[in-house]
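The values are calculated or read from the model by the stated rules, or taken from the named source; none is laboratory data. In this text, all values refer to a predicted model and were calculated from it rather than measured experimentally. Glycine gets a Cβ as well: all are built from the backbone with ideal geometry, and neighbour counts include every protein chain shown.
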Amino acid sequence: MLTVTDRAAAQILQAAKDGNMQGLALRLAPYTKSDGSIEYNRMGFDELKEGDIRIQCEGVDVVVYTPDYQDLLEDAVMDFVEIDGNFSFIFLNPNDPNYVPPKDYSA
């Protein structure tokens, strides 16, 4: 199952509030690129649709449309971190063939 850290959940909830999107779920649509790595740049707030798979994490509703998406996110961690002065969502995902666990990461 996908894990959303406290930091990521707080940012998602704040973004929903700022964008007047409270009550909507965060839709993730990860996909596998030609090199086998997983891309996460397709995400946004959306209403639940028939057939959606719903994951609740840290007060946030995350939805994916197909079991394939859910499989790509199995055991992944979504976090919100500062990298080189910029804040960004990151995914730590052991399903990605290019994944290397960070040495000093604490979710």
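Summed over segment 35-69, the residues that are among the small types (Gly, Ala, Ser), at pLDDT 90 or above and either closer than 21 Å to ASP6 by Cα or in contact with a Leu (Cβ under 8 Å, 6 or more places away or on another chain) (or both) give a count of 1.
SER88 meets the conditions (1) buried (at least 16 other Cβ atoms within 10 Å of the Cβ); (2) under 18 Å from GLN14 (Cα atoms) in every case but one. The failed one is (1). Number of residues in segment 53-85 that are surrounded by 12 or more Cβ atoms within 10 Å (Cβ to Cβ) and in contact with a helix residue (DSSP H, G or I) (Cβ under 8 Å, 6 or more places away or on another chain): the value is 10. Residues of segment 73-106 that are touching a Leu at 6+ places or on another chain (Cβ under 9 Å), touching a residue at least 12 places away in the same chain (Cβ under 8 Å) and not polar (S, T, N, Q): LEU73, GLU74, ASP75, ALA76, VAL77, MET78, ASP79, PHE91, ASP96, TYR105.
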